[in-house]
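Heads up, the thing below is written out as C-alpha coordinates.
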Amino acid sequence: MAQLWGGRFTTETDKKVYDFNASISFDKKLYQQDIEGSIAHVAMLGKQNILKKEEVRQIIRGLAGIREDIENGVLEITEEYEDIHSFVEANLIERIGSVGKKLHTGRSRNDQVALDMRLYVRLELLYIDVYVKKMLETLLAQMEENLDTIMPGFTHMQKAQPVTLANHLGAYYEMFRRDRLRLKDIYDRMNYCPLGTGALAGTTYPLDRIYTSELLGFYGPTLNSMDSVSDRDYIIEFLSALSLIMMHLSRFSEEIITWNSNEYNFVEIDDAFSTGSSIMPQKKNPDIAELVRGKTGRVYGSLVSMLTTMKGLPLAYNKDMQEDKEVTFDAIETVKCCLILFEGMLSTMKYNKDVMKQSASGGFTNATDVADYLVGKGIPFRDAHTIVGKIVLLCIERKKSIEDLTLEQFQAFSSAFEKDIYDAISMESCVNRRQTLGAPGRKVMEIVINAYKEDLKQDWQDEE
Ligand code: ARG
(Lines give C-alpha, C1' and ligand atoms only; values in the text may rest on other atoms or scores of the structure.)
Protein backbone atom coordinates (compact mmCIF):
# COMPACT_ATOMS: atom_id res chain seq x y z
CA MET A 1 0.00 0.00 0.00
CA ALA A 2 1.67 3.17 -1.16
CA GLN A 3 -0.11 6.47 -1.42
CA LEU A 4 0.68 10.11 -2.09
CA TRP A 5 -1.36 11.68 0.64
CA GLY A 6 -0.25 10.16 3.99
CA GLY A 7 0.70 13.46 5.70
CA ARG A 8 -2.64 14.28 7.26
CA PHE A 9 -3.38 10.75 8.43
CA THR A 10 -2.33 9.17 11.71
CA THR A 11 -3.37 5.58 11.11
CA GLU A 12 -2.96 3.38 8.07
CA THR A 13 -5.84 3.01 5.63
CA ASP A 14 -7.85 -0.14 6.20
CA LYS A 15 -6.80 -2.73 3.62
CA LYS A 16 -10.35 -3.19 2.37
CA VAL A 17 -10.75 0.57 2.00
CA TYR A 18 -7.48 0.76 0.14
CA ASP A 19 -8.48 -1.96 -2.28
CA PHE A 20 -11.93 -0.51 -2.83
CA ASN A 21 -10.47 2.91 -3.52
CA ALA A 22 -7.56 1.86 -5.71
CA SER A 23 -7.78 2.06 -9.49
CA ILE A 24 -4.36 0.83 -10.55
CA SER A 25 -5.69 -2.56 -11.66
CA PHE A 26 -7.42 -0.83 -14.56
CA ASP A 27 -5.97 2.68 -14.91
CA LYS A 28 -2.54 1.20 -15.60
CA LYS A 29 -3.77 1.28 -19.20
CA LEU A 30 -3.18 5.04 -19.01
CA TYR A 31 0.56 4.88 -18.35
CA GLN A 32 1.57 6.32 -21.72
CA GLN A 33 -0.88 9.20 -21.44
CA ASP A 34 0.13 9.84 -17.84
CA ILE A 35 3.79 10.09 -18.76
CA GLU A 36 3.12 12.14 -21.90
CA GLY A 37 1.03 14.59 -19.85
CA SER A 38 3.67 14.78 -17.12
CA ILE A 39 6.42 15.52 -19.62
CA ALA A 40 4.38 18.37 -21.11
CA HIS A 41 3.59 19.69 -17.65
CA VAL A 42 7.19 19.68 -16.48
CA ALA A 43 8.46 21.19 -19.74
CA MET A 44 6.03 24.03 -19.15
CA LEU A 45 7.17 24.41 -15.52
CA GLY A 46 10.68 24.89 -16.91
CA LYS A 47 9.63 27.37 -19.54
CA GLN A 48 7.86 29.41 -16.87
CA ASN A 49 10.92 29.28 -14.58
CA ILE A 50 8.91 27.49 -11.92
CA LEU A 51 11.49 24.69 -12.09
CA LYS A 52 15.13 24.99 -13.10
CA LYS A 53 16.18 23.74 -16.53
CA GLU A 54 18.36 21.07 -14.97
CA GLU A 55 15.48 19.83 -12.81
CA VAL A 56 13.27 19.65 -15.87
CA ARG A 57 15.88 17.67 -17.77
CA GLN A 58 16.24 15.17 -14.94
CA ILE A 59 12.52 14.73 -14.53
CA ILE A 60 11.90 14.26 -18.26
CA ARG A 61 14.76 11.78 -18.50
CA GLY A 62 13.34 9.90 -15.52
CA LEU A 63 9.84 9.82 -17.00
CA ALA A 64 11.11 8.67 -20.39
CA GLY A 65 13.09 5.92 -18.61
CA ILE A 66 9.97 4.73 -16.81
CA ARG A 67 8.07 4.57 -20.09
CA GLU A 68 10.87 2.68 -21.79
CA ASP A 69 11.18 0.20 -18.92
CA ILE A 70 7.45 -0.47 -18.87
CA GLU A 71 7.47 -1.00 -22.62
CA ASN A 72 10.45 -3.35 -22.49
CA GLY A 73 8.91 -5.35 -19.68
CA VAL A 74 11.65 -4.34 -17.25
CA LEU A 75 9.28 -2.40 -15.02
CA GLU A 76 6.00 -4.00 -14.06
CA ILE A 77 3.07 -1.87 -12.99
CA THR A 78 2.30 -3.50 -9.67
CA GLU A 79 -0.79 -3.00 -7.58
CA GLU A 80 1.00 -1.74 -4.50
CA TYR A 81 0.25 1.78 -5.70
CA GLU A 82 -3.15 3.38 -5.54
CA ASP A 83 -3.32 4.48 -9.15
CA ILE A 84 -1.19 5.00 -12.22
CA HIS A 85 -0.41 8.59 -11.22
CA SER A 86 1.02 7.49 -7.86
CA PHE A 87 2.90 4.67 -9.55
CA VAL A 88 4.65 6.96 -12.00
CA GLU A 89 5.46 9.62 -9.41
CA ALA A 90 6.77 7.16 -6.84
CA ASN A 91 8.91 5.47 -9.47
CA LEU A 92 10.27 8.79 -10.60
CA ILE A 93 11.33 9.69 -7.06
CA GLU A 94 12.91 6.29 -6.64
CA ARG A 95 14.86 6.81 -9.86
CA ILE A 96 16.02 10.42 -9.69
CA GLY A 97 15.67 11.24 -6.01
CA SER A 98 13.95 14.18 -4.42
CA VAL A 99 13.90 16.35 -7.53
CA GLY A 100 11.16 13.97 -8.67
CA LYS A 101 9.02 15.39 -5.90
CA LYS A 102 8.74 18.61 -7.89
CA LEU A 103 6.84 17.03 -10.76
CA HIS A 104 3.45 17.57 -9.19
CA THR A 105 3.98 21.32 -8.68
CA GLY A 106 0.85 23.18 -9.78
CA ARG A 107 -1.02 20.03 -10.64
CA SER A 108 -3.69 17.84 -9.04
CA ARG A 109 -4.61 14.29 -9.82
CA ASN A 110 -7.95 15.74 -10.82
CA ASP A 111 -6.66 17.64 -13.83
CA GLN A 112 -4.11 14.88 -14.40
CA VAL A 113 -6.69 12.12 -14.74
CA ALA A 114 -8.96 14.41 -16.77
CA LEU A 115 -6.08 14.87 -19.19
CA ASP A 116 -5.08 11.19 -19.27
CA MET A 117 -8.60 10.06 -20.13
CA ARG A 118 -8.97 12.72 -22.79
CA LEU A 119 -5.70 11.69 -24.42
CA TYR A 120 -6.70 8.03 -24.27
CA VAL A 121 -10.18 8.52 -25.68
CA ARG A 122 -8.86 10.86 -28.38
CA LEU A 123 -6.41 8.22 -29.59
CA GLU A 124 -8.88 5.34 -29.46
CA LEU A 125 -11.46 7.43 -31.28
CA LEU A 126 -9.00 7.76 -34.17
CA TYR A 127 -8.37 4.00 -34.22
CA ILE A 128 -12.06 3.21 -34.23
CA ASP A 129 -12.56 5.67 -37.06
CA VAL A 130 -9.92 3.80 -39.09
CA TYR A 131 -11.76 0.51 -38.57
CA VAL A 132 -15.07 2.07 -39.56
CA LYS A 133 -13.39 3.43 -42.66
CA LYS A 134 -12.17 -0.07 -43.53
CA MET A 135 -15.77 -1.24 -43.26
CA LEU A 136 -16.83 1.49 -45.70
CA GLU A 137 -14.16 0.40 -48.17
CA THR A 138 -15.31 -3.22 -48.02
CA LEU A 139 -18.94 -2.21 -48.43
CA LEU A 140 -18.15 0.04 -51.35
CA ALA A 141 -16.23 -2.71 -53.15
CA GLN A 142 -19.14 -5.12 -52.67
CA MET A 143 -21.61 -2.50 -53.84
CA GLU A 144 -19.70 -2.03 -57.08
CA GLU A 145 -19.67 -5.77 -57.66
CA ASN A 146 -23.38 -6.12 -57.04
CA LEU A 147 -25.02 -3.34 -59.00
CA ASP A 148 -27.03 -5.95 -60.90
CA THR A 149 -27.50 -8.52 -58.15
CA ILE A 150 -31.24 -8.63 -57.67
CA MET A 151 -32.74 -9.50 -54.32
CA PRO A 152 -36.04 -8.92 -52.58
CA GLY A 153 -36.35 -5.77 -50.49
CA PHE A 154 -38.45 -6.22 -47.36
CA THR A 155 -40.80 -4.21 -45.22
CA HIS A 156 -42.34 -5.85 -42.13
CA MET A 157 -40.13 -8.83 -43.05
CA GLN A 158 -42.44 -9.34 -46.05
CA LYS A 159 -41.11 -9.23 -49.57
CA ALA A 160 -41.90 -5.75 -50.82
CA GLN A 161 -40.14 -4.73 -54.04
CA PRO A 162 -37.06 -5.97 -55.82
CA VAL A 163 -33.86 -4.11 -55.00
CA THR A 164 -30.20 -4.79 -55.67
CA LEU A 165 -27.62 -6.00 -53.22
CA ALA A 166 -25.73 -2.78 -53.95
CA ASN A 167 -28.72 -0.78 -52.77
CA HIS A 168 -29.11 -2.93 -49.66
CA LEU A 169 -25.42 -2.72 -48.72
CA GLY A 170 -25.55 1.00 -49.45
CA ALA A 171 -27.91 1.43 -46.51
CA TYR A 172 -25.16 0.16 -44.21
CA TYR A 173 -22.66 2.35 -46.00
CA GLU A 174 -24.78 5.35 -45.03
CA MET A 175 -24.98 4.21 -41.40
CA PHE A 176 -21.24 3.74 -41.02
CA ARG A 177 -20.59 6.98 -42.89
CA ARG A 178 -22.68 8.82 -40.32
CA ASP A 179 -20.74 7.01 -37.60
CA ARG A 180 -17.53 8.52 -38.92
CA LEU A 181 -19.05 11.98 -39.08
CA ARG A 182 -20.14 11.59 -35.48
CA LEU A 183 -16.64 10.57 -34.40
CA LYS A 184 -15.16 13.59 -36.13
CA ASP A 185 -17.71 15.82 -34.48
CA ILE A 186 -16.91 14.43 -31.03
CA TYR A 187 -13.20 14.80 -31.68
CA ASP A 188 -13.65 18.46 -32.53
CA ARG A 189 -15.63 19.13 -29.38
CA MET A 190 -13.39 17.22 -26.98
CA ASN A 191 -10.00 18.30 -28.24
CA TYR A 192 -9.31 20.88 -25.53
CA CYS A 193 -6.78 20.49 -22.76
CA PRO A 194 -7.83 20.38 -19.08
CA LEU A 195 -4.24 20.32 -17.77
CA GLY A 196 -3.48 23.26 -15.49
CA THR A 197 -6.93 23.51 -13.96
CA GLY A 198 -5.63 21.96 -10.74
CA ALA A 199 -7.93 20.33 -8.23
CA LEU A 200 -10.80 22.59 -9.30
CA ALA A 201 -9.72 26.22 -9.05
CA GLY A 202 -6.55 26.53 -11.10
CA THR A 203 -3.28 27.25 -9.32
CA THR A 204 -1.25 30.12 -7.94
CA TYR A 205 1.72 29.26 -10.17
CA PRO A 206 2.01 31.13 -13.45
CA LEU A 207 1.29 28.10 -15.63
CA ASP A 208 1.17 28.51 -19.40
CA ARG A 209 -1.85 26.44 -20.33
CA ILE A 210 -1.69 27.40 -23.97
CA TYR A 211 1.81 25.99 -24.18
CA THR A 212 0.89 22.60 -22.67
CA SER A 213 -2.19 22.33 -24.80
CA GLU A 214 -0.05 22.90 -27.90
CA LEU A 215 2.56 20.38 -26.78
CA LEU A 216 -0.17 17.77 -26.40
CA GLY A 217 -1.81 18.49 -29.75
CA PHE A 218 -5.00 20.10 -28.47
CA TYR A 219 -6.81 22.97 -30.18
CA GLY A 220 -6.38 24.97 -26.99
CA PRO A 221 -6.93 24.92 -23.23
CA THR A 222 -10.36 24.44 -21.67
CA LEU A 223 -11.89 27.62 -20.26
CA ASN A 224 -13.45 26.66 -16.94
CA SER A 225 -11.43 25.01 -14.20
CA MET A 226 -14.36 23.41 -12.41
CA ASP A 227 -15.85 21.97 -15.57
CA SER A 228 -12.43 20.75 -16.73
CA VAL A 229 -11.95 18.40 -13.80
CA SER A 230 -15.52 17.18 -13.73
CA ASP A 231 -16.47 16.98 -17.39
CA ARG A 232 -17.01 13.50 -18.76
CA ASP A 233 -19.41 14.55 -21.53
CA TYR A 234 -16.94 13.56 -24.21
CA ILE A 235 -16.83 10.03 -22.79
CA ILE A 236 -20.60 9.82 -22.87
CA GLU A 237 -20.68 11.17 -26.41
CA PHE A 238 -18.05 8.67 -27.43
CA LEU A 239 -19.90 5.78 -25.78
CA SER A 240 -23.01 6.95 -27.52
CA ALA A 241 -21.22 6.93 -30.90
CA LEU A 242 -19.88 3.47 -30.08
CA SER A 243 -23.38 2.32 -29.18
CA LEU A 244 -24.64 3.49 -32.56
CA ILE A 245 -21.81 1.68 -34.33
CA MET A 246 -22.80 -1.46 -32.43
CA MET A 247 -26.45 -0.93 -33.25
CA HIS A 248 -25.55 -0.80 -36.93
CA LEU A 249 -23.33 -3.86 -36.66
CA SER A 250 -26.07 -5.65 -34.79
CA ARG A 251 -28.75 -4.94 -37.39
CA PHE A 252 -26.38 -6.10 -40.10
CA SER A 253 -25.55 -9.21 -38.06
CA GLU A 254 -29.22 -9.97 -37.67
CA GLU A 255 -29.65 -9.83 -41.44
CA ILE A 256 -26.64 -12.01 -42.07
CA ILE A 257 -27.92 -14.56 -39.56
CA THR A 258 -31.24 -14.61 -41.39
CA TRP A 259 -29.64 -14.72 -44.83
CA ASN A 260 -27.39 -17.54 -43.68
CA SER A 261 -30.31 -19.65 -42.44
CA ASN A 262 -31.24 -22.80 -44.36
CA GLU A 263 -34.54 -21.22 -45.32
CA TYR A 264 -33.04 -18.10 -46.92
CA ASN A 265 -29.68 -19.39 -48.09
CA PHE A 266 -28.79 -15.95 -49.49
CA VAL A 267 -25.22 -16.11 -48.21
CA GLU A 268 -22.58 -18.51 -47.15
CA ILE A 269 -20.27 -17.44 -44.36
CA ASP A 270 -16.71 -18.53 -44.94
CA ASP A 271 -15.52 -21.55 -42.93
CA ALA A 272 -12.89 -19.38 -41.28
CA PHE A 273 -15.63 -17.18 -39.83
CA SER A 274 -18.13 -19.80 -38.73
CA THR A 275 -18.21 -22.48 -36.09
CA GLY A 276 -19.52 -26.01 -35.78
CA SER A 277 -21.67 -27.87 -33.32
CA SER A 278 -20.31 -30.39 -30.83
CA ILE A 279 -23.18 -32.76 -31.52
CA MET A 280 -24.72 -31.96 -34.90
CA PRO A 281 -22.13 -32.63 -37.60
CA GLN A 282 -24.04 -30.82 -40.34
CA LYS A 283 -24.03 -27.46 -38.55
CA LYS A 284 -22.17 -24.34 -39.57
CA ASN A 285 -23.17 -21.56 -37.27
CA PRO A 286 -22.94 -17.77 -37.70
CA ASP A 287 -21.41 -17.30 -34.24
CA ILE A 288 -19.46 -14.17 -35.11
CA ALA A 289 -22.60 -12.35 -36.20
CA GLU A 290 -24.44 -13.59 -33.12
CA LEU A 291 -21.66 -12.49 -30.80
CA VAL A 292 -21.52 -9.06 -32.38
CA ARG A 293 -25.29 -8.77 -31.92
CA GLY A 294 -24.90 -9.98 -28.34
CA LYS A 295 -22.05 -7.66 -27.42
CA THR A 296 -24.13 -4.68 -28.48
CA GLY A 297 -25.94 -4.92 -25.15
CA ARG A 298 -22.67 -4.66 -23.33
CA VAL A 299 -21.67 -1.44 -25.08
CA TYR A 300 -25.11 0.08 -24.43
CA GLY A 301 -24.52 -0.95 -20.81
CA SER A 302 -21.36 1.16 -20.69
CA LEU A 303 -23.25 4.17 -22.01
CA VAL A 304 -26.11 3.82 -19.54
CA SER A 305 -23.65 3.18 -16.74
CA MET A 306 -21.79 6.45 -17.42
CA LEU A 307 -24.96 8.47 -17.86
CA THR A 308 -26.16 7.17 -14.52
CA THR A 309 -22.86 7.71 -12.75
CA MET A 310 -22.77 11.34 -13.83
CA LYS A 311 -26.38 12.31 -13.31
CA GLY A 312 -26.21 13.28 -9.66
CA LEU A 313 -22.70 14.64 -9.34
CA PRO A 314 -22.25 18.11 -7.91
CA LEU A 315 -19.29 20.19 -9.05
CA ALA A 316 -16.44 19.56 -9.17
CA TYR A 317 -14.45 16.27 -9.00
CA ASN A 318 -16.04 13.33 -7.18
CA LYS A 319 -14.57 9.89 -6.84
CA ASP A 320 -17.58 8.43 -8.63
CA MET A 321 -15.85 9.53 -11.81
CA GLN A 322 -13.21 6.88 -11.38
CA GLU A 323 -15.95 4.56 -12.63
CA ASP A 324 -15.53 6.04 -16.11
CA LYS A 325 -12.53 3.88 -16.88
CA GLU A 326 -13.54 0.24 -16.84
CA VAL A 327 -16.72 0.79 -18.85
CA THR A 328 -14.95 2.98 -21.40
CA PHE A 329 -12.02 0.59 -21.82
CA ASP A 330 -14.37 -2.34 -22.15
CA ALA A 331 -16.55 -0.61 -24.73
CA ILE A 332 -13.51 0.40 -26.79
CA GLU A 333 -12.08 -3.14 -26.81
CA THR A 334 -15.45 -4.64 -27.62
CA VAL A 335 -16.17 -2.29 -30.52
CA LYS A 336 -12.69 -2.71 -31.98
CA CYS A 337 -12.96 -6.51 -31.91
CA CYS A 338 -16.45 -6.44 -33.37
CA LEU A 339 -15.46 -4.11 -36.21
CA ILE A 340 -12.42 -6.19 -37.11
CA LEU A 341 -14.22 -9.53 -36.98
CA PHE A 342 -17.34 -8.33 -38.70
CA GLU A 343 -15.35 -6.84 -41.54
CA GLY A 344 -13.45 -10.12 -41.89
CA MET A 345 -16.68 -12.07 -42.03
CA LEU A 346 -18.26 -9.67 -44.51
CA SER A 347 -15.33 -9.52 -46.90
CA THR A 348 -15.11 -13.32 -47.14
CA MET A 349 -18.85 -14.01 -47.28
CA LYS A 350 -20.27 -15.53 -50.49
CA TYR A 351 -23.53 -14.17 -51.86
CA ASN A 352 -25.78 -16.78 -53.49
CA LYS A 353 -26.93 -14.47 -56.24
CA ASP A 354 -29.19 -16.98 -57.99
CA VAL A 355 -31.06 -17.72 -54.79
CA MET A 356 -31.47 -14.02 -54.11
CA LYS A 357 -32.86 -13.36 -57.55
CA GLN A 358 -35.14 -16.39 -57.38
CA SER A 359 -36.46 -15.15 -54.07
CA ALA A 360 -37.13 -11.68 -55.48
CA SER A 361 -39.13 -13.21 -58.32
CA GLY A 362 -41.64 -14.94 -56.08
CA GLY A 363 -43.87 -13.11 -53.65
CA PHE A 364 -45.32 -10.51 -56.05
CA THR A 365 -42.50 -8.02 -55.56
CA ASN A 366 -43.37 -6.58 -58.99
CA ALA A 367 -47.02 -5.88 -58.11
CA THR A 368 -46.34 -2.14 -57.74
CA ASP A 369 -44.73 -2.17 -61.17
CA VAL A 370 -47.83 -3.76 -62.72
CA ALA A 371 -49.85 -0.90 -61.25
CA ASP A 372 -47.29 1.64 -62.51
CA TYR A 373 -47.57 0.02 -65.96
CA LEU A 374 -51.33 0.59 -65.98
CA VAL A 375 -50.80 4.18 -64.88
CA GLY A 376 -48.54 4.55 -67.91
CA LYS A 377 -51.47 3.42 -70.02
CA GLY A 378 -53.69 6.17 -68.61
CA ILE A 379 -55.39 4.39 -65.70
CA PRO A 380 -55.51 6.36 -62.40
CA PHE A 381 -53.20 4.86 -59.76
CA ARG A 382 -55.95 4.02 -57.26
CA ASP A 383 -57.88 2.02 -59.90
CA ALA A 384 -54.69 0.35 -61.05
CA HIS A 385 -53.96 -0.64 -57.43
CA THR A 386 -57.38 -2.35 -57.17
CA ILE A 387 -56.93 -4.18 -60.49
CA VAL A 388 -53.53 -5.50 -59.48
CA GLY A 389 -54.88 -6.54 -56.08
CA LYS A 390 -57.35 -8.76 -57.91
CA ILE A 391 -54.60 -10.14 -60.15
CA VAL A 392 -52.58 -11.05 -57.08
CA LEU A 393 -55.59 -12.84 -55.58
CA LEU A 394 -55.94 -14.95 -58.72
CA CYS A 395 -52.21 -15.74 -58.71
CA ILE A 396 -52.33 -16.84 -55.08
CA GLU A 397 -55.25 -19.12 -55.93
CA ARG A 398 -53.44 -20.60 -58.93
CA LYS A 399 -50.02 -20.65 -57.21
CA LYS A 400 -48.45 -18.53 -59.95
CA SER A 401 -46.28 -15.44 -60.19
CA ILE A 402 -47.76 -12.41 -61.93
CA GLU A 403 -45.45 -12.75 -64.92
CA ASP A 404 -46.67 -16.36 -65.42
CA LEU A 405 -50.13 -15.14 -66.50
CA THR A 406 -50.95 -15.23 -70.21
CA LEU A 407 -51.74 -11.98 -72.00
CA GLU A 408 -55.39 -13.09 -72.21
CA GLN A 409 -55.50 -13.56 -68.47
CA PHE A 410 -54.02 -10.07 -67.99
CA GLN A 411 -56.52 -8.59 -70.41
CA ALA A 412 -59.42 -10.17 -68.56
CA PHE A 413 -58.56 -7.68 -65.77
CA SER A 414 -57.95 -4.66 -68.01
CA SER A 415 -57.86 -4.10 -71.72
CA ALA A 416 -54.92 -1.73 -71.17
CA PHE A 417 -52.53 -4.70 -70.91
CA GLU A 418 -50.41 -5.32 -73.97
CA LYS A 419 -47.46 -7.56 -74.90
CA ASP A 420 -44.98 -5.14 -73.37
CA ILE A 421 -46.25 -5.97 -69.88
CA TYR A 422 -43.75 -8.83 -69.56
CA ASP A 423 -40.74 -6.61 -70.14
CA ALA A 424 -42.10 -3.93 -67.88
CA ILE A 425 -42.36 -6.23 -64.89
CA SER A 426 -39.22 -8.31 -65.23
CA MET A 427 -37.02 -8.06 -62.14
CA GLU A 428 -34.40 -6.15 -64.13
CA SER A 429 -36.89 -3.51 -65.30
CA CYS A 430 -38.38 -3.20 -61.83
CA VAL A 431 -34.98 -2.31 -60.48
CA ASN A 432 -33.59 -0.28 -63.33
CA ARG A 433 -36.66 1.84 -63.85
CA ARG A 434 -36.19 3.12 -60.33
CA GLN A 435 -33.96 6.04 -61.18
CA THR A 436 -34.81 8.45 -58.41
CA LEU A 437 -31.65 9.48 -56.58
CA GLY A 438 -30.90 6.90 -53.87
CA ALA A 439 -32.90 4.13 -55.61
CA PRO A 440 -31.46 0.81 -56.83
CA GLY A 441 -31.50 1.72 -60.55
CA ARG A 442 -28.02 1.19 -61.95
CA LYS A 443 -27.48 4.73 -63.24
CA VAL A 444 -28.32 6.43 -59.97
CA MET A 445 -26.44 3.84 -57.95
CA GLU A 446 -23.36 4.63 -60.01
CA ILE A 447 -23.73 8.33 -59.25
CA VAL A 448 -23.97 7.55 -55.54
CA ILE A 449 -21.02 5.16 -55.59
CA ASN A 450 -18.87 7.81 -57.29
CA ALA A 451 -19.84 10.32 -54.63
CA TYR A 452 -18.87 7.82 -51.90
CA LYS A 453 -15.52 7.27 -53.60
CA GLU A 454 -14.80 10.99 -53.56
CA ASP A 455 -15.93 11.16 -49.98
CA LEU A 456 -13.56 8.37 -48.92
CA LYS A 457 -10.64 10.13 -50.60
CA GLN A 458 -11.02 13.15 -48.36
CA ASP A 459 -10.14 11.76 -44.99
CA TRP A 460 -10.87 14.03 -42.03
CA GLN A 461 -7.97 12.49 -40.16
CA ASP A 462 -5.55 13.82 -42.81
CA GLU A 463 -6.76 17.34 -42.09
CA GLU A 464 -6.14 17.11 -38.34
N1 ARG B 1 -8.10 7.38 -9.75
C2 ARG B 1 -8.74 8.64 -9.77
C3 ARG B 1 -9.75 8.67 -10.90
O4 ARG B 1 -9.70 7.84 -11.72
C5 ARG B 1 -7.75 9.72 -9.99
C6 ARG B 1 -8.14 11.06 -9.45
C7 ARG B 1 -8.03 11.04 -7.99
N8 ARG B 1 -8.37 12.30 -7.42
C9 ARG B 1 -8.80 12.40 -6.17
N10 ARG B 1 -9.10 13.57 -5.78
N11 ARG B 1 -8.93 11.35 -5.41
O12 ARG B 1 -10.64 9.48 -10.93
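The values are calculated or read from the model by the stated rules, or taken from the named source; none is laboratory data. Everything quoted here is computed from the prediction, not taken from an experiment. Methodologically, a virtual Cβ is constructed for each residue, glycine included, from the backbone with ideal geometry; neighbour enumeration extends over all protein chains shown. Heads up: the accessible areas ignore ligands, DNA and RNA and are worked out on the full protein's heavy atoms, side chains in. Shrake-Rupley method; radii C 1.70, N 1.55, O 1.52, S 1.80 Å.
Taking every protein chain into account, the accessible area of region 79-159 amounts to 37 square angstrom per residue (probe 1.4 Å).
The value obtained for region 272-321, namely the Cα convex hull volume divided by the number of residues, is 109 Å³ per residue.
When the inverse distances between all different Cα atoms of region 170-225 are averaged and flipped, the Kirkwood radius reads 13.2 angstrom.
Based on Cβ point charges of +1 for Lys and Arg and -1 for Asp and Glu, what charge dipole magnitude is obtained for the chain about its Cα centre, in debye rounded to the nearest 20? Provide the component values of the computation, followed by the final result.
Working: 55 positive and 70 negative charges, 114 e Å.
Once rounded to the nearest 20, the dipole reads 540 debye.
Straightening the chain between Asp14 and Ser415 buys 135.1 nm, computed as 0.36 nm per residue apart minus the Cα-Cα spacing. Here the relative contact order of region 177-231, from alpha carbon pairs under 8 Å that lie six or more residues apart, stands at 40 percent. Positive end of the dipole of the chain (Cβ unit charges, origin at the Cα centre): among Ile396, Gly73, Gly362, the Cα lying farthest that way belongs to Ile396.
Residues whose amide H lies under 5 Å from that of Ala160, counting only those 5 or more places away or on a different chain, are Gly153, Phe154, Thr155; hydrogens are built 1.01 Å from N in the peptide plane.
Kindly report the accessible area of region 396-464 per residue (heavy atoms of protein chains, probe 1.4 Å, no ligands, DNA or RNA), in Å².
Working: 4320 Å² over 69 residues.
Heavy-atom SASA per residue in region 396-464 reads 63 Å².
Peptides 398-407, 204-213, 71-80 ranked from most to least packed, by the mean per-residue count of other Cβ atoms within 10 Å: 204-213, 398-407, 71-80.
Placing +1 on each Lys and Arg Cβ and -1 on each Asp and Glu Cβ, with no other charges, gives region 184-234 a dipole about its Cα centre of roughly 60 debye. Just check region 43-192 against the gyration tensor rule for me: Cα atoms, a ≥ b ≥ c as the square roots of the eigenvalues, rounded for a/c under 1.5, and otherwise prolate or oblate depending on whether a/b exceeds b/c. The shape class here is prolate. Nearest 10 degrees, 0 to 90: what angle lies between the long axis of helix 31-47 and the longest principal axis of the chain (Cα atoms)? It is inclined by approximately 50 degrees.
An ellipsoid equivalent to the chain, defined through the eigenvalues of its Cα gyration tensor, has semi-axes of 62, 23, 19 Å when rounded to whole angstrom and sorted largest first.
Please work out how much length the chain gains when fully extended from Gln32 to Arg251, using 0.36 nm per residue of separation minus the C-alpha to C-alpha distance, in nm with one decimal.
Working: separation 219, 0.36 × 219 = 78.84 nm, distance 3.59 nm.
Between Gln32 and Arg251, full extension yields 75.2 nm more.
As a calculated quantity, the FRET efficiency between Asn352 and Thr275 at R0 = 22 Å, using C-beta atoms, amounts to about 0.60. Residues whose amide H lies under 5 Å from that of Leu51, counting only those 5 or more places away or on a different chain, are Gly46; hydrogens are built 1.01 Å from N in the peptide plane.
Rounded, prolate or oblate: which fits region 275-386 when a ≥ b ≥ c are the square roots of the eigenvalues of the alpha-carbon gyration tensor, with rounded for a/c under 1.5 and prolate only if a/b beats b/c? Here region 275-386 falls in the oblate category.
Taking amide H as placed 1.01 Å from N in the peptide plane, the amide H of Gly198 sits under 5 Å from that of Ser108, Asp111, each at least 5 places away or on another chain. Solvent-accessible area of Trp460, all protein chains in place: 20 Å² (probe radius 1.4 Å, heavy atoms, ligands and nucleic acids excluded).
Residues in region 396-407 carry Karplus couplings, in order, of 4, 4, 8, 6, 10, 8, 4, 5, 7, 5, 7, 4 Hz; the curve used is 6.51 cos²θ - 1.76 cosθ + 1.60 with θ = phi - 60°, and Gly or Pro positions show x. Per residue, region 265-378 exposes an accessible area of 47 Å² to a 1.4 Å probe, with every protein chain left in place. Converting phi to 3J(HN,Hα) with the Karplus coefficients 6.51, -1.76 and 1.60 and the offset θ = phi - 60°, region 168-184 yields 5, 5, x, 4, 6, 4, 4, 4, 6, 5, 5, 4, 5, 4, 5, 4, 4 Hz in sequence order, with x at every glycine or proline. Heavy-atom surface analysis with a 1.4 Å probe gives the chain a carbon and sulfur content of 53 percent of its accessible area.
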